[in-house]
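Here's the structure, in structure tokens; my notes come after.
The values are calculated or read from the model by the stated rules, or taken from the named source; none is laboratory data. Given the structure is predicted, the values throughout are model-derived calculations rather than measurements. Ideal geometry is used to build each Cβ from the backbone, glycine not excepted, and the neighbour counts take in all protein chains shown.
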Amino acid sequence: MIQELSFRWVIIGLKKDTIESNGLAKLMDMLNSDSNKVKWNLRKATLEESVIVDYKRNKINYNSDSVLWDTTKIKFIKQSIKFTPTKLEDE
């Protein structure tokens, strides 16, 4: 019998590699508490996440098609999977 996992995951993307934040310190204290049953990980934010945060901070409407992406840092893969909705039979 497989036991259901009794914890939640929190993954935080950071723009900088060194963070000095009272808010983040408080969050880390909460996440480290055994009573919360939370596993967590810190990672570097993706380029898209960083761009979105900048748009939100500057109160600019974000549209991914209007962003001039740095193609030396991000590779867009041609979509090879085609979604075809199933046809429903009349009942």
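Numbers for the structure displayed
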| item | result |
| --- | --- |
| Which numbered condition Val10 fails, given (1) surrounded by 12 or more Cβ atoms within 10 Å (Cβ to Cβ); (2) at pLDDT 85 or above; (3) in a helix (DSSP H, G or I) | (3) |
| Any pair with Cβ under 9 angstrom, 6 or more apart, that starts in region 37-48 at a residue that is under 30 Å from Asp70 (Cα atoms) and ends at one that is aromatic (Phe, Trp, Tyr) | Trp40/Trp9; Asn41/Trp9; Leu47/Trp69; Glu48/Trp69 |
| Test: residue in region 24-36 that is under 17 Å from the mean Cα position of the chain (by Cα), at pLDDT below 85 and either of a type in the set (A, V, I, L, M, F, W, C) or outside any loop (DSSP other than H, G, I, E, B) (or both) | yes |
| Sole residue being surrounded by fewer than 11 Cβ atoms within 10 Å (Cβ to Cβ), within 18 Å of the chain's Cα centre (by Cα) and hydroxyl-bearing (Ser, Thr, Tyr), chosen from Ser50, Ser64 | Ser64 |
| Residues that are at pLDDT below 70 and over 14 Å from Thr46 (Cα atoms), drawn from region 65-80 | Ile77, Lys78, Gln79, Ser80 |
| Test: residue in region 41-55 that is modelled with pLDDT under 85 and among the aromatic types (Phe, Trp, Tyr) | no |
